Amino acid sequence: DAKTTQPNSMESNEEEPVHLPCNHSTISGTDYIHWYRQLPSQGPEYVIHGLTSNVNNRMASLAIAEDRKSSTLILHRATLRDAAVYYCILRSWQGAQKLVFGQGTRLTINP
Amino acid sequence: EPEVTQTPSHQVTQMGQEVILRCVPISNHLYFYWYRQILGQKVEFLVSFYNNEISEKSEIFDDQFSVERPDGSNFTLKIRSTKLEDSAMYFCASTLSGNTIYFGEGSWLTVV
């Protein structure tokens with residue numbers, strides 16, 4: 001499985017944008033970039049995924065570098081509920097393969 | 001919104017006992033998974049299940065573990081003879097196509 005690198009922790013203030021970086025320099029052409037998050041005492045939750053183009057949904061935006069070696073998850077206006085561990089995961093499009101979780105980025109939101 | 005449900009939410013069992021963790025995946029989903037998370041550690045893949053058979057399993061998923069989809073709706077994880085190190089949160093997950101994997105809230109297993 002291709003590896004991703006994320007900061008161990010980040011901190012932001014409520015109602016401000018948050019940019020969570022992820023490096024994946026060994027990404028292959030068939031790898032999608034997935035983001036999941038895990039709120040305290042809950043199961044992981046899907047956030048967003050993309051292949052080459054930037055993606056937006058109701059939760060977040062995903063900005064993917066042109067060379068696909070890095071990406072950034074953007075929370076446009078963080079709330080206290082966004083405090084969680086965020087995982088950037090590469091996953092091949094071929095079949096419904098497992099997710100391989102790393103340590104992720106622990107995001108703290110200050111009121 | 002449809003969700004993956006797991007029971008029990010918390011189980012305490014004695015070492016050596018058998019445990020069955022139950023999951024009801026989202027009804028039209030085709031791929032099913034079990035993951036576990038030991039307290040303070042990362043989420044680890046255990047097994048994936050498709051078309052009524054195991055499609056992939058990790059090194060953790062040894063002969064003490066088994067999975068079953070007995071009736072087309074439930075998906076179970078059985079641990080035959082629990083060990084102290086099996087204490088963890090166990091997450092069931094399912095997906096239709098793989099783009100979005102839905103996780104349950106987890107079953108917390110404590111082995112004493």
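The values are calculated or read from the model by the stated rules, or taken from the named source; none is laboratory data. Computed from a predicted model, the values in this text were never measured in an experiment. Positions of Cβ are backbone-derived with ideal geometry, glycine not excepted, and every protein chain shown enters the neighbour counts. Areas reflect the complete protein model, heavy atoms only, side chains present, ligands, DNA and RNA absent. Shrake-Rupley method; radii C 1.70, N 1.55, O 1.52, S 1.80 Å.
The residues in region B:79-107 that are facing another protein chain (nearest Cβ under 8 Å), small (Gly, Ala, Ser) and within 21 Å of A:Gln42 (Cα to Cα) can be counted, and the count is 4. Does region A:63-76 contain at least one residue that is open to solvent by less than 80 Å² (accessible area, probe 1.4 Å), closer than 23 Å to B:Ser94 by Cβ and within 13 Å of the chain's Cα centre (by Cα)? Checked region A:63-76: no residue is open to solvent by less than 80 Å² (accessible area, probe 1.4 Å), closer than 23 Å to B:Ser94 by Cβ and within 13 Å of the chain's Cα centre (by Cα). Against the test of being basic (Lys, Arg) and farther than 22 Å from B:Glu3 by Cα, the options A:Arg37, A:Arg91 yield a single qualifying residue, A:Arg91. Those strands (runs of 3 or more DSSP E) of region A:57-98 in which 2 or more residues are touching a Gly at 6+ places or on another chain (Cβ under 7 Å) occupy A:61-64, A:84-92. Any residue in region B:87-112 that is touching a residue at least 24 places away in the same chain (Cβ under 8 Å) and in a loop (DSSP other than H, G, I, E, B) sitting within a Cβ distance under 8 Å of a residue that is hydroxyl-bearing (Ser, Thr, Tyr) and surrounded by fewer than 20 Cβ atoms within 10 Å (Cβ to Cβ)? List the pairs, counting only those 6 or more apart or interchain. Every condition considered, the pairs that remain are B:Ser87/B:Thr110; B:Ile101/A:Tyr46; B:Gly104/B:Thr5; B:Glu105/B:Thr5; B:Glu105/B:Ser9; B:Gly106/B:Ser9; B:Val112/B:Thr13.
Could you grab me the full set of residues in region B:24-56 that are within 8 Å of chain A (Cβ to nearest Cβ), farther than 16 Å from B:Leu96 by Cβ and not in a strand (DSSP E or B)? Matches in region B:24-56: B:Lys42, B:Val43. The set of residues in region B:78-104 being open to solvent by less than 10 Å² (accessible area, probe 1.4 Å) and not charged (D, E, K, R) consists of B:Ile79, B:Thr82, B:Ala88, B:Tyr90, B:Phe91, B:Cys92, B:Ala93, B:Ser94, B:Thr95, B:Gly98, B:Ile101, B:Gly104.
Answer yes or no as to whether A:Arg58 is more than 13 Å from the chain's Cα centre (by Cα) and at pLDDT 95 or above. First the steps, then the outcome.
Values: more than 13 Å from the chain's Cα centre (by Cα): yes; at pLDDT 95 or above: no.
Answer is no for this residue.
Would region B:60-74 turn up any residue that is out of contact with any Ser or Thr (no Cβ under 9 Å at 6 or more places or on another chain), modelled with pLDDT of 95 or more, part of a strand (DSSP E or B) and of a type in the set (Phe, Trp, Tyr)? Scanning region B:60-74, I find at least one residue that is out of contact with any Ser or Thr (no Cβ under 9 Å at 6 or more places or on another chain), modelled with pLDDT of 95 or more, part of a strand (DSSP E or B) and of a type in the set (Phe, Trp, Tyr), so the answer is yes.
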